[in-house]
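The values are calculated or read from the model by the stated rules, or taken from the named source; none is laboratory data. As the structure is a computational prediction, the values presented were derived from the model and not from experiment. When we count neighbours, we look across all protein chains shown, and the Cβ atoms used for this are built from the backbone with ideal geometry, even at glycine. With ligands, DNA and RNA removed, areas are computed over all heavy atoms of the protein, side chains included. Shrake-Rupley method; radii C 1.70, N 1.55, O 1.52, S 1.80 Å.
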Amino acid sequence: MATRFLDRSRIVADPGWSRWLVPPAALSVHLAIGQAYAWSVFKPPLESALQLSGTQSALPFQLGIVMLGLSAAFGGTLVERNGPRWAMFVSMSCFSSGFLLSALGVATRQYWLVVLGYGFVGGIGLGIGYISPVSTLIKWFPDRPGMATGIAIMGFGGGALIASPWSAQMLESFGTGTGGIAGTFLVHGVVYAVFMSMGVLLVRVPPEGWSPRGWTPPAVAARPLITDADVSARNAIRTPQFYCLWIVLCCNVTAGIGILEKAAPMIRDFFAGTATPVAVGAAAGFVALLSLANMTGRFVWSSTSDVIGRKNMYRVYLGVGALLYLVIALAGNSSKPLFIVCALGILSFYGGGFATVPAYLKDLFGTFQVGAIHGRLLTAWSTAGVLGPLIVNAVADAQKAAGRSGPALYTTSLYIMIGLLAVGLVANELIRPVSEKYHEKPAERLTVEGQAR
């Protein structure tokens, strides 16, 4: 019975079914797994209750992000083969089970269970859930793929805005001892299972050959880089376009996550020696603003890419992003509003880059296995997640050891980010249409689909 329920053939939409029901289905998953960005709420209580160091309390989150990249890369083909309902169900099962295992680990004071549950099992749920709706959304919205994927991926960026206050309130109500933390994890596991199940039940795939009423695809000649052909995931990773786009995403994410990870101490350091220092509460408000910019950019900029094209949109992310970094480096602590505006712009481009890349992949490689290709590309995120914080923190530590303070702690890393964005800009310019030798012929496509089954 469960196999029949998850069977891809049983979720083909009936005639007249509204495609606008798919984005809410995708959001139910992405808003849930976006809780990962709110892990910091649990760090202090865990450190106090289980006598952990800051490094130890970060392990579940770090392993979760690693597993996100790995499960997306290696599970992408399974997602394409089994369909979005199967993928969302697996994501729901793993993500919720991760919280339940974590609750057991805290209750029994076995921290390795928290790492295993939230980091390993929950991290698989993160990766499969992140890519689960991408291919389906693109097929339902061939006229606006950037907007469609932006809606869903916006949810991942905004999940922490819901999870942070909710988790903090539960810890306040249940207590910050082992019993309170375990109870909070337990509630998370149950509530997220119910919330994500809405997406599992609601999601549908379009019938073969479906297209929006009244929509006619423009001629390929009028759409630079866009192909009507299909490229398999196996062939995609053999193309130079895949690796150019990998570099583009890695550079853009590295630049954004460098600010995001150290946002609160950075703004305090920049204005510590001025007449208008930044208080701890104001720094926290700055972090919230950055999260909002990250979330908003995922929808606004990816939707804009439907109008101006994906390549032009990444020219904005990388080129204008480099200019914003340059303004921060040169203006330093001369203007607080200028610093904030530039940081918000950089974080909006960071979020927009995530949301626009599935549509860029669809333009280059077609819709055949775009979800699997997206999963492989997300290894760029895993790499950037290490590089960005490493660069900013290592440079700041070195400058502090040399006796420097204020903006001088970050100037070198800012110029490194500018250099990385310049590299990404060059890689974007090198992207050309995929050679026909990588396109799937009808007979080859049937072979690939047969192997997938």
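Quick notes on this one:
- Relative packing of 90-99, 387-396, which averages over residues the other C-beta atoms within 10 Å, highest first: 90-99, 387-396
- Packing-based ranking, highest mean first, of 207-215, 314-322, 17-25 given that Cβ atoms within 10 Å are counted: 314-322, 17-25, 207-215
- The chain, dipole about Cα centre (Lys/Arg Cβ +1, Asp/Glu Cβ -1), debye to the nearest 20: 340 debye
- Theoretical ellipticity at 222 nm over the chain - DSSP helices of four or more residues, -39500 (n - 2.57) apiece, nearest 500: -23500 deg cm²/dmol
- Listed by chain and number, the lysines whose C-alpha is less than 30 Å from the C-alpha of Lys437, apart from same-chain residues fewer than 8 away, are Lys139, Lys311, Lys362.
- Over 23 Å [Cα-Cα, segment 1-82], rounded percent: 48 percent
- Counting only residues at least eight positions apart within a chain, or on another chain, the lysines with an alpha carbon under 29 Å from that of Lys262 are Lys43, Lys336, Lys400.
- When the solvent-accessible area of the chain is split by element, carbon and sulfur atoms take up 66 percent of it, the probe being 1.4 Å.
- Kyte-Doolittle mean at least 0.5 and Cα axial length at least 18 Å: DSSP H helices in the chain: 54-82, 84-107, 145-174, 178-202, 240-261, 280-308, 336-365, 379-401, 411-429
- Simple spin-label estimate for Lys400 and Val426 in nanometres, 7 Å along Cα-Cβ: 3.3 nm
- Rolling a 1.4 Å probe over the protein heavy atoms gives the chain an accessible area of 40 Å² per residue.
- Annotation: amide H of Val205 within the under-5 Å range of Val12, Ala13, sequence separation 5 or more or interchain, hydrogens built in the peptide plane.
- Here the convex hull built on the C-alpha positions of the chain has a volume of 142 cubic angstrom per residue.
- Mean-position separation - Cα centroids, segment 293-310 and segment 263-288, in angstrom: 28 Å
- When each of the peptides 143-154, 373-384 is scored by how many other beta carbons lie within 10 Å of its residues on average, the order from highest to lowest is 143-154, 373-384.
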